[in-house]
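Engineer: Pasting a structure below so you can have a look.
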Amino acid sequence: MNPTCDLILRLLADLAPEIDPAAVDVELPLRDQVDLDSMDTLTLMEAVAEHTGVEVPERDYPLVGSVAALARYTDARRAG
Amino acid sequence: MADRTAFAMPSLGADMVAGTVLAWHVQPGDRVQPGDLVALVDTDKSEIEIETFDAGIVSELVVPEGMQVPVGTVIAYFDPVGTGSPRDDRSAVPDAEAEPTRPAILPDQADQADQADAAGPADPAGEPARVPHHEPRVVSPLVRRLAEEAHLDPERLEGTGPGKQVRRADIEARGATRGATRVSPRARRLARLAGLDPTAVVGTGPAGTVTGVDVLAHNRPGPGQAPVGTTTPAPATTQPAEPGVARAPGGTGRRDGTADDRSRRATAILMERSWREIPHYHLATRLDVSTMVRWLADTNETRPIGERILAAAVLLRATALAAARHPRLNGWWIDGAFRPANQVDLGTVVARRGGGLLAPTITDAASRDLGEVMHTLHDLVQRVRRGRLRGGDLTPASITVTNLGELGVDEVHGVIHPPQVALVGFGAVHEEAWADGGMVAARPVLHVSLAGDHRVSDGLAGAAFLTDLAELLEHPEQL
């Protein structure tokens, strides 16, 4: 798996300890698999920014609905 | 002469009667500042880090780890700072000078604690009198067992027997002196399973000890009542499905269910009291929040991620300002009379991961700007979800906000948290048909509700509050 996916899953599990990262399908929308409210989403994005330097603006939230999509988004920004 | 300060078990919510010291974060000799976390305390609802409001040097930890004591019991003493070394200082300060400070302590318990102190002769070397570190003790198995049941450490007691040996009477006297209810281990276990506070059960054992039989008798379900160990359903408006985690139908076993059950039971007691005592009136209105939604999007676009604002913070900030303008919705009904609060201590309802709700408080919310409210809310939610609140988070709120928007609920008709007199409810922002000037358009709409205590305010006052709240939300840039 993509190392950024691994990172995001780890951040997710840190945020919500009840989540089993192995049970998350990275290609499916995250909100269908785990319960995250707007504060959790912000906290996750903050953690992603802290670890990758990529800040996802709110208008791009629809583009990063799954773990894999968020990883691709982050990797693309980091490369560019 | 400088006084030493008594540090008491704080009340961490209107429904808390007792707390268990799980861990001390300080030791005798440590210097503490206001705001320092001194202990981890277990209540019915949560494990909570408690803070000191005073500066000083810890002179004595009165209550050992693992011991449950009623709210108001002295659990530690601090010596004043700057009057010499802590050890020299302590022997010079008479115990009778102890003065209760915040958190409040009951006078009779202070007296009892002081008498207990006076019973032990002060060590000339200035060692805390009842903590002889280097003296091996002869303790009989009976005494040891009694001590364990009373959550006392016999090694740390000053005995009255030959060679200061600890005798049975010493343990019983200590238990009584501390005001602690003695609870047998079996009773404690049964109480935990039942989500009961064992110290609230009438004890019929030796010297009033609460036994397993007492707990069973206390908790015997009547016809139609739920048996021990099942989850008590609570009013839907205050117990929404937790966003944190999906709970397996039928429960996930007793061990997992326990904390949740205790939390639910505490909520159930509070809500029962509310419904029994408070004559509620409910008002609701719809707001076009296009301005707020647009302002949030624009603002967050230009801010670094650490300074983004969520709608929840805007709603809290606006409510705090509106509450400050409407004193009859901001305060408490106590002993048959309304007592207005002198600031807005804003209760929020936060879902815990693993189930249950907590209502931590943003103190003096009207004097915090929007960024600060957002920052405080962020920290509060993190602490709730990590299960480590601080004592200050549970300052009694003067008005509470419940926001069910995250659950997709349109509207909430809330239940007031006694002794408060009002609760503001927010639903989700949805696009709805909005008629304006003879035209119908789709607009983001927010449903706002107010539950008020009719003994204190009425529909007229409530409507004025909602009007002000609506106006504040019209101008988020001014919040």
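The values are calculated or read from the model by the stated rules, or taken from the named source; none is laboratory data. As the structure is a prediction and not an experimental result, all values here were calculated from the model. Glycine also receives a Cβ, built like all others from the backbone with ideal geometry; neighbour counts cover every protein chain displayed. Protein only, heavy atoms only, side chains kept; ligands, DNA and RNA dropped before computing areas. Shrake-Rupley method; radii C 1.70, N 1.55, O 1.52, S 1.80 Å.
Engineer: At a Förster distance of 41 Å, what's the computed FRET efficiency of B:D458 paired with A:R78, Cβ-Cβ distance as r, to 0.05?
Structural biologist: Here the calculated transfer efficiency is 0.10.
Engineer: Which value in nm describes the separation of the simple spin-label points at B:H375 and B:L22, placed 7 Å from the Cα toward the beta carbon?
Structural biologist: 2.8 nm
Engineer: Work out from phi, with θ = phi - 60° and the Karplus expression 6.51 cos²θ - 1.76 cosθ + 1.60, the ³J(HN,Hα) of each residue of segment B:309-323, listed in order in whole Hz, and give x for Gly and Pro.
Structural biologist: Ordered by residue, 3J(HN,Hα) equals 10, 9, 4, 4, 5, 4, 5, 5, 4, 5, 5, 4, 5, 5, 5 Hz.
Engineer: Same structure, new question: What distance in nm separates the simple spin-label points at B:D298 and A:E18, each placed 7 Å from Cα in the Cβ direction?
Structural biologist: Roughly 3.9 nm, to one decimal.
Engineer: Further, regarding this structure: Against the longest principal axis of chain A, how steep is helix A:38-52, in degrees 0 to 90 to the nearest 10, with axes from Cα atoms?
Structural biologist: 50 degrees
Engineer: If you don't mind, there's one more thing I want to ask. Tell me, in nm to one decimal, what length is gained between B:A55 and B:S367 on full extension, where the rule is 0.36 nm per residue of separation less the Cα-Cα distance?
Structural biologist: Length gained between B:A55 and B:S367: 109.8 nm.
Engineer: Related question: Taking the 0 to 90 degree range and rounding to the nearest ten, how far is the long axis of helix A:67-79 tilted relative to the main principal axis of chain A, both from C-alpha atoms?
Structural biologist: Computed tilt is about 20 degrees.
Engineer: Starting from the Cα-Cα distance between B:E47 and B:Y281, subtract it from 0.36 nm times their residue separation and give me the gain in nm to one decimal.
Structural biologist: 80.8 nm
Engineer: For B:R386 paired with B:H430, estimate the spin-label separation in nm (one decimal), with each label point 7 Å from Cα along the Cα-to-Cβ line.
Structural biologist: Between B:R386 and B:H430, the label points sit 3.6 nm apart.
Engineer: Take the solvent-accessible surface of the protein heavy atoms, probe 1.4 Å, and return the percent of it on segment A:3-79 that carbon and sulfur atoms account for.
Structural biologist: That share works out to 52 percent.
Engineer: For segment B:372-463, run through the trypsin sites (Lys or Arg not before Pro) and keep only the ones in DSSP coil with at most 15 other Cβ atoms within 10 Å of their Cβ.
Structural biologist: When the trypsin sites (Lys or Arg not before Pro) of segment B:372-463 are filtered for loop state and at most 15 Cβ neighbours within 10 Å, B:R386, B:R388, B:R455 remain.
Engineer: Give the shape of segment B:375-479 as rounded, prolate or oblate, defined through the alpha-carbon gyration tensor: a ≥ b ≥ c are the square roots of its eigenvalues, a/c under 1.5 means rounded, and otherwise the shape is prolate if a/b is larger than b/c and oblate if not.
Structural biologist: oblate
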